[in-house]
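Visitor: My structure is below; once you've seen it, I'll send some questions.
The values are calculated or read from the model by the stated rules, or taken from the named source; none is laboratory data. Since we're looking at a predicted model, the values are computed, not measured. When we count neighbours, we look across all protein chains shown, and the Cβ atoms used for this are built from the backbone with ideal geometry, even at glycine. We work out accessible area using only protein heavy atoms, side chains counted, and drop any ligands, DNA or RNA first. Shrake-Rupley method; radii C 1.70, N 1.55, O 1.52, S 1.80 Å.
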There are 2 protein chains.
Amino acid sequence: MTLDALPSHPGGAENLARLLARALLAGHWQPGDLFPKELDIGRHFVVSRNQVRNALASLTATGLIERTAGRGTLVREMGEWHLLDPLMSEWMTGLVNLDPQLVRAIYAFRFSAEPTVAGLAAQAASAEDIARLEAAFEGMRRSAGNPDARAQHAEYDVAFHDATYRATHNLVWRQMGHLLRPSIMALVHRSQHDIKTLDDSLTRHRHVLEAIKACDAHAAETAAREVLRRTAIDLGIVS
Amino acid sequence: MTLDALPSHPGGAENLARLLARALLAGHWQPGDLFPKELDIGRHFVVSRNQVRNALASLTATGLIERTAGRGTLVREMGEWHLLDPLMSEWMTGLVNLDPQLVRAIYAFRFSAEPTVAGLAAQAASAEDIARLEAAFEGMRRSAGNPDARAQHAEYDVAFHDATYRATHNLVWRQMGHLLRPSIMALVHRSQHDIKTLDDSLTRHRHVLEAIKACDAHAAETAAREVLRRTAIDLGIVS
DNA sequence: CTTGTTAAAATGTCAGACATTTAATAAGCT
DNA sequence: AGCTTATTAAATGTCTGACATTTTAACAAG
């Protein structure tokens, strides 16, 4: 794989990193492949070696590549990627070609973890957390009917789940909220979002909200599981 | 806080990063404080500005600090730290002054997550996973009586839990295994490790192993919870 | 065929100059 | 005095070129 297929004018090491990362996430290179050399990248995008090195340093930090002096830059396999790094989440969101194996892995994680998270949230949520959840739910409800507001609806969806993780009041769980964004954003492109589907999704979210408000951990767990069953259908994991 | 209290001769940007990170993790600076300037750090440790910048780039990537041109380097608060970054785990292991709030947060996470993880492992473990678990358990058993082998015992302990996370065969859960190392290593310094305690811990681990071997998810969940109750006592979280 | 040497290529490091951003300070006006 | 505007200093960001180190491959000697 060469650089020719990639858009140009990155403008800044961050953008260059995002560009290269997305190409990697989309599978433009196979694990074990040699990544282009610093100087080639610099020539192609017309940026200094500094910018290239900074961008590649980010990719190294997230486990996407591995660099050794003299040999060059190797592409690492998916199992080595730091999926929980916030940078990764940012790079994954909006990527349409995300590896289905990865989508399923993230979904499987959520399906096993999120009921527990919802249960913890029911025990620990403060008034502020409840307010955040209600605001997000209200946003979802408002943008549900409008077919032009799919992206906005997804944002509120992300906000709802993120608020759930935050409501656990646990530093570690809270960080995992980042992983939700790419997972939920993938829904925008894969599901048809007809009225019936959205209404069903909304109802299931409402049950989670109510269970958390009622401080009923068991009900929250069950309700979260129901939300994720809906998500599985929308992601095409189960029919 | 100045740099005077820190040991010198880091030798390489990685070591310098570890050094500074540990000072941050130990609370030598308060959130919102100004971190030393690049040139001062370089002078103090007798390293080039490049090394300093590389080290600080790592600290930035893990959310420990925040840098802006003109203003300087600010220390971020604990809630912003990327606790799931493998680098963080490496920096945290062996740190004796780890913030008690952080230790409790990590423990609370494990207490809520690890039963689920053990349950998943019971469903998905392969023969290879079982072998890893048995090898780790055997190592724990062998090093249990010997008071000189506390560090080795802890390594096997880490290996056991890491094997559990790996046995879920889920990319996301697997990454969280990194978080175990600092949590378990903290035990070495905090508990007395008398024979009775170790024997009890060993028995509880054995129950997890047997439940996973029997593919009994529910039993694995319960057994994992029991292991963590023992851990809570050893960490001094409950008496 | 093996071994040791050499050469090329790639990443890592350094040093210096310069650019940009920010904050504090001073000047000047109403 | 009070407010606005230049000026200056300090800090991080960037660029460039040269050099160091590591690895691989080619090649020659035994």
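Visitor: Of all accessible surface on chain B at a 1.4 Å probe, what whole percent is carbon and sulfur?
Guide: Its accessible area is 50 percent carbon and sulfur atoms.
Visitor: Are there any residues in segment B:111-136 with a reduction of at least 30 Å² in accessible surface when going from the isolated chain to the assembly of protein chains? Probe 1.4 Å, please list them by number.
Guide: Relative to the lone chain, where solvent access is computed with a 1.4 Å probe, segment B:111-136 loses at least 30 Å² at B:SER112, B:THR116.
Visitor: In degrees from 0 to 90, rounded to the nearest 10, what is the angle of the helix B:127-142 Cα long axis to the longest principal axis of chain B?
Guide: It works out to around 80 degrees.
Visitor: Please state the relative contact order of segment B:80-239 as a whole percent: Cα pairs under 8 Å, 6+ residues apart?
Guide: 34
Visitor: Taking accessible area as the heavy-atom solvent-accessible surface of the protein chains with a 1.4 Å probe, which residues of segment A:71-94 lose no less than 20 Å² upon going from the isolated chain to the full protein assembly?
Guide: The answer is A:GLY79, A:HIS82, A:LEU83, A:LEU84, A:ASP85, A:PRO86 - residues whose exposure falls by at least 20 Å² when every protein chain is included.
Visitor: Tell me, what is the per residue accessible area of segment A:86-235 in Å², probe radius 1.4 Å?
Guide: Dividing the accessible area of segment A:86-235 by its residue count gives 42 Å².
Visitor: Sorted from shortest, what are the nm distances separating the label point of A:ILE130 from equivalent points in the other copies, each placed 7 Å from Cα along Cα to C-beta?
Guide: So the label point of A:ILE130 gives 4.9 nm to the other copies.
Visitor: Which of B:ALA232, A:ALA159, B:HIS44 sits closest to the plus end of the dipole of the protein assembly as shown, meaning its Cα is farthest towards the positive end, when Lys and Arg get +1 and Asp and Glu get -1 on the C-beta?
Guide: Value: B:HIS44.
Visitor: Can you pull the accessible area of B:ARG166 for me, 1.4 Å probe, Å² to the nearest 10?
Guide: Counting only protein heavy atoms, B:ARG166 exposes about 80 Å² to solvent.
Visitor: If I ignore ligands, DNA and RNA and count only protein heavy atoms, how much of B:VAL238 is accessible to a 1.4 Å probe, in Å² to the nearest 10?
Guide: 80
Visitor: On to the next question. Interface B/A, total buried accessible area with a 1.4 Å probe, nearest 100 Å²?
Guide: So the total buried area for this chain pair works out to about 2100 Å².
Visitor: A further question on this structure: What number comes out for accessible area per residue over segment A:13-80 if the probe is 1.4 Å? Units Å², please.
Guide: Working: 3380 Å² over 68 residues.
On a per-residue basis, segment A:13-80 sits at 50 Å².
Visitor: Further question: Between copies, how far apart are the B:GLN30 label points? List them in nm, one decimal, shortest first, with each point 7 Å from Cα toward Cβ, please?
Guide: B:GLN30 label point versus its equivalents elsewhere: 5.7 nm.
Visitor: Please give the FRET efficiency for A:ASP216 paired with B:GLN152, using the beta carbon to beta carbon distance and R0 = 60 Å, rounded to the nearest 0.05.
Guide: Working: r = 45 Å, r/R0 = 0.76.
The value I calculate is 0.85.
Visitor: Students often forget the sequence filter, so: which aspartates and glutamates lie under 15 Å Cα-Cα from B:LYS37 once same-chain residues fewer than 8 apart are removed?
Guide: Those aspartates and glutamates meeting the cut-off are B:ASP4, B:GLU66.
Visitor: Where the only charges are on Cβ atoms (+1 Lys, Arg; -1 Asp, Glu), what is the dipole of the protein assembly as shown about its Cα centre, to the nearest 20 debye?
Guide: 600
Visitor: Need the per-residue list for segment A:151-184: every residue with at least 50 Å² less accessible surface in the complex of protein chains than in the chain by itself, probe 1.4 Å, sorted by number.
Guide: SASA drop of 50 Å² or more in segment A:151-184: A:LEU171, A:VAL172, A:TRP173, A:GLN175.
Visitor: Still on this model: Want the number for B:ARG229 to B:VAL46: 0.36 nm per residue separation, take away the alpha-carbon distance, what's left? Walk me through the numbers on the way to the answer.
Guide: Values: separation 183, 0.36 × 183 = 65.88 nm, distance 4.71 nm.
Stretched fully, the B:ARG229-B:VAL46 segment lengthens by 61.2 nm.
Visitor: Along the charge dipole of segment A:86-235, pointing to its positive end and built from +1/-1 on Cβ of Lys, Arg, Asp and Glu, which listed residue (A:LEU133, A:LEU95, A:ALA121) has its Cα farthest out?
Guide: It is A:LEU95, whose Cα lies furthest towards the positive end.
Visitor: If you don't mind, another one. A:THR222 label points, 7 Å along Cα→Cβ, one per copy: pairwise distances from this copy to the rest in nm, shortest first?
Guide: Once sorted, the set of distances for A:THR222 reads 2.2 nm.
Visitor: Find the centroid of the Cα atoms in segment A:182-203 and in segment A:121-151, then give the distance between the two in whole Å.
Guide: Cα centres, segment A:182-203 to segment A:121-151: 15 Å.
Visitor: Suppose every K and R has +1 on its Cβ and every D and E has -1 on its Cβ; what is the size of the dipole of chain A about the Cα centre, in Debye to the nearest 20?
Guide: 360
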